[in-house]
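Worksheet: one structure, shown below.
The values are calculated or read from the model by the stated rules, or taken from the named source; none is laboratory data. This structure is a prediction, so every number in the text was calculated from the model and none was measured. Positions of Cβ are generated from backbone atoms using ideal geometry, with glycine treated the same way; all protein chains shown enter the neighbour counts. The area values use the complete protein model at the heavy-atom level, side chains included, leaving out ligands, DNA and RNA. Shrake-Rupley method; radii C 1.70, N 1.55, O 1.52, S 1.80 Å.
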Amino acid sequence: MQYFSTRGAGPVTLDEALRLGIASDGGLFLPERLPRFEISDFDGADTIPAVAHVLLAPFFGGSALEDELDAILAETFGFPIPATPLPVEGRDVSLLELYHGPTVAFKDVGAGFLSACLSRLEGDVDDPLTILVATSGDTGAAVAAAFDQRPGMRVVVLFPAGRVSERQAHQLCCWSDNVVSLEVQGSFDDCQALVKGAMADSSLAAAHRFSSANSINIGRLLPQSTYYADASLRHFRRTGNRPGFIIPTGNLGNAFACIMAREAGLPIGPIILATNANRTIADYFETLEWLPRASLQTLASAMDVGDPSNMERLRHLVGEADVLRRQLGVQSVDDEQIRESIRRDFSEFGFATCPHTATATCVWRDLDDDMAGGHDWILVATAHPAKFETIVEPLTGEPVAVPPELATLLARPARAISIQPSLDALAKVLE
Ligand SMILES: *Cc1c(COP(=O)(O)O)cnc(C)c1O
C-alpha cells in the first residue's frame, strides 16, 4: 500500500508516513485507497487484535513491519475495550470504554501503536530518536507512557505551566530517564511553537534525530479504527443491527477513524460528532463555509480545537460539507449542558462520566424520536472521570474512585524541568 498527502505529495511507504508524521507539502497522509471488506471476512475474529489484524493487514502491505503486525497489535492492546450496556429501558445503548489504558484516555491506543511501530523502525541505542510532543494534557501523557523505557527512543514532553490539572501534570512527569518533562513558562501555543521551531532549526536537527507524535500521524488513526470495527462487529453479531456511534470530537482524529471503518465496510450505522462550544465543524455543516478560528476554553478541554486538522483528511476522503452533512451528524454542546449531562449520567446510569464523554451522552439524550428509536447506539467514552475529578466531583457530590492504572502513576515520584519558552532553553535541555 502506498500513501499520498492530501495535497498531492507522495507516494511514500507506510514506514515513511509513520516516521514523517506530516507530508513534505504540509498535507496529511492517506492510503492510496481504502480496502473494502465483507462482514464475513471477519468470521472467527473475536478479539480486538484478531479483528485489527484483518482490518490493518492491507495497510501494512509492503511495509518493513508486515511480519511484525501481530506483535505490534499484542503490544497495543494490553488492556480491554469493552462496550458496556447502559440501563436504558427498551433501548439498546452502550458505552464504549476507551479509558482502560495506562493513562486512562483513548489516546493510549494510538500512542501505543505508534510507539510499537516507530521503535521497530527507528530505535537506535547509539543515536536515539527524539520524539517532541507539545501537549495541553492527554496526548503528552499517552505518548510518554507508550515510549517509556523503549530502548533507542527518547521523548521530550512540553506542557504549559499551570494550565493542566494536577493529575494530568503528574501523568506527564512520572516516567523513566528516556522521558524528559518540560514545564514551559508559557501557553500551549508557546509549546507548539517550540516543537515546530526545533524541528525547523538546522543545527538542532543535525544534532538530533527528531520526530513528532501528534494526532495527525496516520499511525494514530489506523489503530483507532480497530475498536470501532470490533465493537460494531460484536453488536452486529449479537443483534443483526448496525449500531450508530456518538463520538466526543476535537481534532477529529477519533471520529475520522470511525468514518474510515464504515467506509471500509464495517457494520456501522449513523455517526454523530459531539463537540464542545467550539463550533467550527457545526457551523461548516450549517453554512457550508469552512471557517477555522481560535479555540475557546471549555470544561472538555481536550476538545478545545478551533481548527480541527483532520477535517482536511475528511474532505479529501468523503467530500465537502454538502456531502459530509448527509453522512454525518454534528452537535455542539456548551459548558452548562456538559454539567447537566454529568449530573444526569450519574443519576441515571449510576456512574460519573468525564466532561468529554458527557458531550456524547448529552447529544444522545437530545436525539429526536426517529433517531433515538430507529437505531441501537454506542456512546464513546474517551477518558476516565477520575482524570477530571475537580470538575466531576462537585457535580455528582461523590468522590470518583481512582482506577488502578491511574493510582499506579500517581504513586510514582514526578519531576519536571522548568524552562522559559525559548529555543535556546530547549536546545540546552536537549543536550
Ligand atoms: C483528545 C481527546 C478528545 C478529542 O479527540 P479527537 O481525536 O481530537 O477528536 C476527546 N476526549 C478526550 C478525553 C481526549 O483526550
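Key figures
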read-out	value
Cross-chain or 6+ apart pairs with Cβ under 8 Å, region 292-310 first and touching a residue at least 40 places away in the same chain (Cβ under 8 Å), then open to solvent by 50 Å² or more (accessible area, probe 1.4 Å) and within 12 Å of the ligand (Cβ to nearest atom)	301/136; 302/136; 304/136; 304/295; 305/295
Residue among 323, 333 that is modelled with pLDDT of 95 or more and closer than 29 Å to residue 26 by Cα	323
Subset of region 151-168 (residues that are surrounded by fewer than 21 Cβ atoms within 10 Å (Cβ to Cβ) and closer than 26 Å to residue 117 by Cα)	151, 152, 154
Pairs, first in contact (Cβ under 8 Å) with a residue 40 or more places away in the chain in region 187-208, second in a helix (DSSP H, G or I) and open to solvent by 40 Å² or more (accessible area, probe 1.4 Å), C-beta under 7 Å, six or more apart	194/423; 197/423; 198/423; 199/205; 201/423
Any hit, region 151-163, residues being closer than 30 Å to residue 226 by Cβ, within 16 Å of the ligand (Cβ to nearest atom) and in a helix (DSSP H, G or I)	no
Out of 401, 425, 416, sole residue that is free of Cβ contacts under 8 Å to residues at least 24 places away in the same chain and within 21 Å of residue 178 (Cα to Cα)	425
Filter result for the condition that a residue is among the hydrophobic types (A, V, I, L, M, F, W, C) and under 22 Å from residue 50 (Cα atoms), over 246, 218	218
Unique residue being within 15 Å of residue 409 (Cβ to Cβ) and among the β-branched types (Val, Ile, Thr) when the list is 103, 139, 135	103
Which listed residue, of 171, 192, is in contact with a strand residue (DSSP E or B) (Cβ under 8 Å, 6 or more places away or on another chain) and either within 19 Å of residue 251 (Cβ to Cβ) or crowded, with 22+ Cβ neighbours inside 10 Å (or both)	192
Of all residues in region 408-431 being within 18 Å of residue 103 (Cβ to Cβ) and touching a helix residue (DSSP H, G or I) at 6+ places or on another chain (Cβ under 9 Å), the one that is surrounded by the most Cβ atoms within 10 Å (Cβ to Cβ)	409
Filter result (closer than 20 Å to residue 427 by Cα and either within 20 Å of the chain's Cα centre (by Cα) or of a type in the set (Lys, Arg) (or both)) within region 115-131	131
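Quick grid of which residues meet (1) over 26 Å from residue 101 (Cα atoms); (2) away from the ligand (no atom under 16 Å from the Cβ); (3) part of a loop (DSSP other than H, G, I, E, B); (4) not polar (S, T, N, Q):
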site: 226; (1), (2), (3), (4): no, no, no, no
site: 250; (1), (2), (3), (4): no, no, yes, yes
site: 292; (1), (2), (3), (4): yes, no, yes, yes
site: 299; (1), (2), (3), (4): no, no, yes, yes
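The rows are residues; the columns are (1) within 16 Å of the ligand (Cβ to nearest atom); (2) surrounded by 19 or more Cβ atoms within 10 Å (Cβ to Cβ); (3) part of a helix (DSSP H, G or I).
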{"site": "232", "(1), (2), (3)": "no, yes, yes"}
{"site": "236", "(1), (2), (3)": "no, yes, yes"}
{"site": "245", "(1), (2), (3)": "yes, yes, no"}
{"site": "254", "(1), (2), (3)": "yes, yes, yes"}
{"site": "258", "(1), (2), (3)": "yes, yes, yes"}
{"site": "268", "(1), (2), (3)": "no, yes, no"}
